[in-house]
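All remarks here apply to the structure that follows.
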Amino acid sequence: MEKVENLIPMVVFARVVETLSFTEAALSLGMSKSSVSRDISTLEKRIGAMLLKRTTRKIEITEFGLSYYQHCFKILNELRAAERFVRDYYEEPTGTIKILAPVTFGKQYVVPALNAYLERNMMANVDLDLSDKEVEIKESPYDLSVLVAQDTPTHEHTTFLCSIQWGLYATPECVARMRPIQSPADLPAHNYILFRGVARTVSLPFRKEKQKISVDVHSRFRSNNSVALINMALSGLGIAYLPNYVARESIATGKLIRLLPGWQMDEYKVWLLSKTKNTMTSGIKRFSDELQQLISGAELKEAR
């Protein structure tokens, strides 16, 4: 059974080693010098070994004490980290957070999360840049960047937010006018609403268990903005290739139907990048929490 009663004396011992002074250790821990001395003596009795050699002039650490300190130091370090966490959590966020986010994802998730964050933190300010440009965050003016990518970013300070599944969507009326679509092979004959690319004909990827298929389709309408694409899809022009978060609300209200839901298509991941480890202030941590809660709530609704 773990001797939890040793924890406080172990922290006291670690401070004595760091300061080489009972007096300084006592001051840093808010204890009396006699209490520090008593805790060290108690610890030595419990473990059955001498940790310190005391003289009137100095303190010497025994060989066993030096080895034992390595374990005590870890406890002291964790205690300090816990205290920093509590302090940062309750600290009122101030200053300005500069954030870069993709246009559509930013409007749908980042802006509502920032709204909740600003309502709860009256001294905080935000500078949001909604743009689909790519930047190297270390060299940019931004504190945070929301990145949508298929591959895991190489930047070391990242937080995973969610996955984005792409799929084919159309209105019930549009589907009713079509020949039945039962497999990817039935797709080429229809009109498509696609993100703008180099060519009007694109190859759509499909995966199902061990099957992998690519189907060439022709775009009737192209745009670089997913809001324009979903509005065109809702008009009944054709089949739109969209990320699930863009179509989520229209699916919930029955305005759009997912075609071939048993097949997986492109998958992207969304990451929150912080410029440096020190950038993660209490304000940024709180915003990150707000954003993750908002995304999780939307995903739970979709799953129901």
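The values are calculated or read from the model by the stated rules, or taken from the named source; none is laboratory data. Given the structure is predicted, the values throughout are model-derived calculations rather than measurements. Every residue, glycine as well, gets a Cβ built from its backbone with ideal geometry; the counts of neighbours run over all protein chains shown. Remember, those area values only see protein heavy atoms, side chains included, never the ligands or the DNA or RNA. Shrake-Rupley method; radii C 1.70, N 1.55, O 1.52, S 1.80 Å.
Determine, yes or no, whether Gln108 is under 30 Å from Val135 (Cβ atoms), open to solvent by 40 Å² or more (accessible area, probe 1.4 Å) and under 39 Å from the mean Cα position of the chain (by Cα).
yes
Of the conditions (1) farther than 23 Å from Gln264 by Cα; (2) assigned to a loop (DSSP other than H, G, I, E, B), Gln182 fails just one. Which one is it?
(1)
Tell me yes or no: at least one residue of the stretch 40-47 is open to solvent by 80 Å² or more (accessible area, probe 1.4 Å) and among the acidic types (Asp, Glu).
For the stretch 40-47, residues open to solvent by 80 Å² or more (accessible area, probe 1.4 Å) and among the acidic types (Asp, Glu): absent.
Condition first: more than 30 Å from Pro261 (Cα to Cα), assigned to a strand (DSSP E or B) and among the β-branched types (Val, Ile, Thr). Now tell me which residues in the stretch 144-169 satisfy that.
Once the filter is applied, which keeps residues that are more than 30 Å from Pro261 (Cα to Cα), assigned to a strand (DSSP E or B) and among the β-branched types (Val, Ile, Thr), the stretch 144-169 yields only Thr158.
When the stretch 125-143 is examined, which residues are found to be outside any helix (DSSP H, G or I) and in contact with a Leu (Cβ under 6 Å, 6 or more places away or on another chain)?
Val126, Asp129, Tyr142
Out of all the residues in the stretch 124-147, which are surrounded by 14 or more Cβ atoms within 10 Å (Cβ to Cβ), farther than 16 Å from Thr276 by Cα and charged (D, E, K, R)?
Within the stretch 124-147, Asp129, Asp132 meet the criteria.
Based on this model, can you work out whether Tyr268 counts as in contact (Cβ under 8 Å) with a residue 24 or more places away in the chain, open to solvent by 60 Å² or more (accessible area, probe 1.4 Å) and either farther than 30 Å from Arg120 by Cα or in a loop (DSSP other than H, G, I, E, B) (or both)?
Yes.
Which of the residues that make up the stretch 34-91 are more than 42 Å from the chain's Cα centre (by Cα) and among the polar types (S, T, N, Q)?
Ser34, Ser35, Ser37, Ser41, Thr42, Thr55, Thr56, Thr62
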